[in-house]
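Okay, structure first, notes after.
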Amino acid sequence: MPEPLLRVRNLKKYFPIRGGLLSREVARVHAVDDVSFDLQPGETLGLVGESGCGKSTTGRTILRLIEPTSGEVWFQDKNVTTLDKRSLRSLRKEMQIIFQDPYASLNPRMTIGSIIGEALVIHKLAPTRRAREERVAQLLETVGLLPDHLRRYPHEFSGGQRQRIGIARALAVSPKLIIADEPVSALDVSIQAQIINLLEDLQAKFGLTYLFIAHDLSVVEHISTRVAVMYLGKIVEIAPAKELYTNPKHPYTEALLSAVPIPDPTTKRKRILLEGDVPSPINPPSGCRFHTRCALRVPSCSDNEQTLKEVAPGHWVACQVRTGVATK
Amino acid sequence: MAERLLDVKGLKTYFFTDEGVVRAVDGVDFYINKGETLGIVGESGSGKSVTALSIMRLIPTPPGRIVEGTIHYSGRNLLELPPAQMRKIRGKEISMIFQEPMTSLNPVFTVGEQIAEAIRLHEGLGRRDAMAKAVDMLKLVHIPNAERRVKEYPHQLSGGMRQRVMIGMALSCNPKLLIADEPTTALDVTIQAQILELLNELKAKLGMAIMLITHDMGVIAETAQRVVVMYGAQVVEEASVGEIFKEPLHPYTQGLLRSIPRIDLAATKKQKLEAIPGTVPTLRGDIRPGCRFAPRCSFAKPQCTAADPPIKDIRTGHRVACILY
């Protein structure tokens, strides 16, 4: 087994809710609650879950765009969580992020050249203006845009083209890891495929490692080597992509997969309809967080916190019923 | 032969803005039969929402205006009705639900008051009876504790619950046609499944027709009987749901179906997605004649850009606007 590129250990992020006269902390949103996983070099780990499950917070906490409450993140041999500002900045050369909204994530008053070139200046990667422009032009070509686009402004581009600019910006510093936070969900269906293909091509070309965060299970299945499913701040199942989609073990994963509409009217599937809504992460259910909506629950599910157990090589599930610890 | 409920012919809705004319809907024909679900698929800017708003006569004027066409509903042209009569149809005969349930509910009234308003207006019931009917509607859309929920405000409900309230409100006067504009796009996939299930159940129970607007081919496959595919403000293909997936004819429909990753084929070998090159066309200003998909089409020939391709019947119920056929 090669050395993982990224190791996340017991990562937690609680957001305080303040209120009252002295703005004291009255409650906490348990956005990410004890998440651990490894990322192997060159792989794509898909992180899926519904809104509010903590998948984006996980991505941002890894980069320390949000400071974690506790836990550790190791990038190769560096502990990201304890780095000072300066070392963190130099580590950002290795880890980059692509955002969901290609409209909001580009400064409308900067040219494409300065948006992509900014990182080159900060990290002193291009000594002269000339060298910088050459590098930016080359990056634009890499992502399928024209080199002479560098003097234009973001509003002159369509959504798909802007996402390409966002990708070029992330690539500028030649990172090893890219965290892609819902990179295609704001795009039209016919454009989504272009961006997915581009991300795959870039991975093959530069040997990139992706943490691919998305709510669209079909997109994640397509692009990922392994997939982790999150529910209310916890990973409930993690497995190689094919294994997870063809042989899901956690009842939440099963329900989630069965809910995806299939673009083929001749397939008839058994749909598992979950009742009610996701409980609040401010006061999550005790024990297994899914027990309030689970068809397989046994009384002890509300008492016992669930940990991931390996049921097949590389296939981990946090469910005491399905891993045979408790029986119905 | 099924009876036609709504017949749209040659509809053109333009927006006259300072930056020029936006041809949001540019010559659209389709019909809806009684009790069927018609899916309208298209990407952003294809004109599907503006078509829906045109049927409801809710186009903001100015800048928008329906410049041409007819919309016949039960034999009457909606575009010629005086406003007072249109109000009697809107919400009673034809009602609509929107993508974002939070922005379509009024935050300062309880959900009960909002449902009761339509009932009092259209059915002439008194306050107390209308409230009782509102509770019934919440029960119909499976909202637990309907008696308590009816007194709550929209912010107290989750996204899925709000969409249920919207559906309850839309169905409170027994409409014959429900227009659902991306009703599940803002919702999580498990909640989407609940709402689609609810719509299918209510359609079977109440027998209304549904015009379902979506960009999601999966949603179409699971709910619609017939499909209209829109591209660049026009209809490019129309067929039964079985045919559109089995034998799509228009290169755009074919490309769209090939570009979506398929979760149900996870067990088979992975293939690269076939992306459609280029970008969605803008509808602003002068539009060159010819097929609007031609710049992105791999089958494009010189004559594609010479004139608009006419929409042709290929077989019963399957029409396509492409010179290949």
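Read the figures in this text as sums done on the coordinates, not as results from a lab. The shown structure was predicted, so the numbers you read here are calculated from the model rather than taken from an experiment. Heads up, the Cβs are rebuilt from the backbone with ideal geometry, glycines too, and the neighbour counts pull from every protein chain shown.
Figure the gain on full extension for A:Glu141 and A:Ser90 (residue separation times 0.36 nm, minus the Cα-Cα span) and round it to one decimal in nm.
15.8 nm
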Can you give the mean number of other chain Cβ atoms that lie within 10 Å of the Cβ atoms in peptide B:255-262?
6
Find how many whole Å separate the alpha carbon centroid of region A:80-98 from the alpha carbon centroid of region A:1-57.
17
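What helices in chain A pass both tests, a Cα length along the helix axis of 15 Å or more and a mean Kyte hydropathy of -1.0 or higher, using whole DSSP H runs?
What comes out of the filter, once short or polar helices are dropped, is A:112-122, A:159-171, A:189-206.
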Quarter of the Cα convex hull surface for region A:1-62, i.e. its orientation-mean projected area (nm²):
5.2
Express in nm, to one decimal, how much length is gained between B:Arg148 and B:Thr17 on full extension, taking 0.36 nm for each residue of separation and deducting their alpha carbon distance.
42.5 nm
Tally Lys/Arg at +1 and Asp/Glu at -1 over every other residue whose Cβ is under 10 Å from the Cβ of B:Asp26; what's the total?
+1
Among rounded, prolate and oblate, which fits region A:238-328 when a ≥ b ≥ c are the square roots of the eigenvalues of its C-alpha gyration tensor, a/c under 1.5 means rounded, and a/b larger than b/c means prolate?
oblate
Counting only residues 5 or more places away or on other chains, whose amide H sits under 5 Å from the amide H of A:Gln76 once H atoms are built in the peptide plane?
A:Leu6, A:Arg7
A correct Karplus calculation of ³J(HN,Hα) over region A:291-302, with 6.51 cos²θ - 1.76 cosθ + 1.60, θ = phi - 60°, whole Hz and x for Gly and Pro, returns 4, 5, 10, 8, 7, 9, 5, 10, x, 6, 4, 7
Neighbour-count ranking [beta-carbon atoms within 10 angstrom, fewest first] of B:Cys173, B:Cys322:
B:Cys173, B:Cys322
Please check: in the Gaussian network model of chain A (C-alpha springs, under 10 Å), which one of A:Gly287, A:Gly233, A:Gly159 has the largest mean-square fluctuation.
A:Gly287
Per-residue Cβ neighbour rank within 10 angstrom, fewest leading, A:His155, A:His222:
A:His155, A:His222
Cβ neighbours within 10 Å, averaged per peptide: list B:142-155, A:74-87, A:33-46 in order, most packed at the top.
A:33-46, B:142-155, A:74-87
Long-range amide H contacts for B:Tyr231: which residues qualify at under 5 Å (H placed 1.01 Å from N, peptide plane, sequence gap of 5 or more or a different chain)?
B:Val236
Please give every one of the lysines within straight-line cross-link reach of A:Lys13, meaning a C-alpha to C-alpha distance under 17 Å, and leave out same-chain neighbours fewer than 8 residues apart.
A:Lys55, A:Lys234
Would you be so kind as to identify which of A:Leu22, A:Pro41, A:Leu120 lies farthest towards the positive end of the dipole of region A:1-146, taking Lys and Arg as +1 and Asp and Glu as -1 on Cβ and the Cα centre as origin?
A:Leu22
For residues of A:190-200, the mean tally of beta carbons on other chains within 10 Å:
6
Could you pull out every residue, at least 5 positions away or on a different chain, whose amide H is within less than 5 Å of the one on B:Leu5? Hs are placed 1.01 Å off N in the peptide plane, and Pro or chain starts have none.
B:Ile32, B:Asn33, B:Lys34
Just from its helices, what would the mean residue ellipticity at 222 nm be for the protein assembly as shown, if runs of 4 or more DSSP H residues each count -39500 (n - 2.57) and the sum is divided by every residue, rounded to the nearest 500 deg cm²/dmol?
-8500 deg cm²/dmol
How large is ³J(HN,Hα) for each residue in region B:295-307, as worked out from phi by the Karplus curve 6.51 cos²θ - 1.76 cosθ + 1.60 (θ = phi - 60°), to whole Hz, x for Gly and Pro?
x, 10, 8, 7, 9, 4, 10, x, 5, 4, 9, 7, 8
Cα centroid separation, region B:1-33 to region A:260-328 (Å):
46
Radius of gyration and Dmax over the Cα atoms of chain B, both given in Å
20.6, 67
So what are the ³J(HN,Hα) numbers for region A:174-186, from phi and the Karplus equation (6.51, -1.76, 1.60; θ = phi - 60°), rounded to whole Hz, Gly and Pro as x?
6, x, 8, 10, 10, 9, 9, 9, 6, x, 10, 6, 8
What's the Kirkwood radius of chain A in Å, using all Cα pairs?
21.2
For region B:105-231, what does the equivalent ellipsoid look like in terms of its semi-axes, each the square root of 5 times an eigenvalue of the Cα gyration tensor, given largest first in whole Å?
26, 17, 12
Among B:Ala267, B:Tyr252, B:Gly124, flag the residue with its Cα farthest along the positive direction of the charge dipole of the protein assembly as shown, charges on Cβ as +1 for Lys/Arg and -1 for Asp/Glu.
B:Gly124
Spatially proximal lysines relative to A:Lys85 (Cα-Cα < 16 Å; intrachain offsets below 8 disregarded):
A:Lys93
As straight-line cross-link partners of B:Lys151, the qualifying lysines (C-alpha separation under 25 Å, not fewer than 8 residues apart within one chain) are B:Lys92, B:Lys133, B:Lys139
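In terms of the Cα gyration tensor, with a ≥ b ≥ c the square roots of its eigenvalues, is region B:225-304 rounded because a/c is under 1.5, prolate because a/b exceeds b/c, or oblate?
Here region B:225-304 falls in the prolate category.
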Cα shape, region A:106-234, gyration tensor, a/c 1.5 rule
prolate
